[in-house]
Structures are given as structure tokens and as C-alpha cells.
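Read through the structure below, which is laid out as C-alpha cells, and then see the notes.
Derivation of every value follows stated rules applied to the coordinates shown; laboratory data play no part. Bear in mind that the values here come from a model prediction, so they are computed numbers and not experimental data. Virtual Cβ from ideal backbone geometry, glycine too; neighbours counted across all protein chains shown.
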Amino acid sequence: MAQSPPVEAKVKAATTATLLVSLVLAVLNDVRDDASLLAPLPDLLQAIVIALVPPAVTFLSGWQARHTSRISQL
């Protein structure tokens, strides 16, 4: 059976960063149990910020991580 290639560092970095940011947002939401963290922002902007932070962190961490070279097996 052919061995699958290793998971790229970019994928690991993006996945880990997204998990951590999502956990922080979830903990802040549960612990604080109020909207005072983003209270200065209008409701619509709060929803946009909460929705865009994890994907933005995923993109930036994937962009920054080094590419894993693969040897082509033909």
C-alpha cells in the first residue's frame, strides 16, 4: 500500500491557528456571557468581526508557514 504524503506545514499551521482562535472566542463568549468585549461596535459589525477573525487567522498563518517540498513519485 502506498504511503500518503505528510501533511504540509501550511495546513498544520492554519488548522492550529484556527482552532486556537475559535477556542478563545468560545471561552470569551462563555465566560463573559455578555457583549461587552465588542460593545463599542454596532451589532452588525460585531457579527462580521466574529465571523471574519478565524478565517483571517487561518489565511495569515497558512501564508506565513513554509511550504513542504514533495518528491514527485511517478
Query raised in the report: Using the Karplus equation 6.51 cos²θ - 1.76 cosθ + 1.60 (θ = phi - 60°), what ³J(HN,Hα) coupling, rounded to whole Hz, does each residue of region 60-65 give in order, writing x for Gly and Pro?
Result: 5, 5, x, 5, 6, 5
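Expressed in nm to one decimal, what extension gain is obtained for the pair Ala39 and Val11 from 0.36 nm per residue of sequence separation less their Cα-Cα distance?
Working: separation 28, 0.36 × 28 = 10.08 nm, distance 3.36 nm.
Residue separation times 0.36 nm, minus the Cα-Cα distance, leaves 6.7 nm.
What does the charge add up to near Thr18, with Lys and Arg as +1, Asp and Glu as -1, over the other residues with Cβ less than 14 Å from its Cβ?
Details: positive: Lys10, Lys12; negative: none.
That works out to +2.
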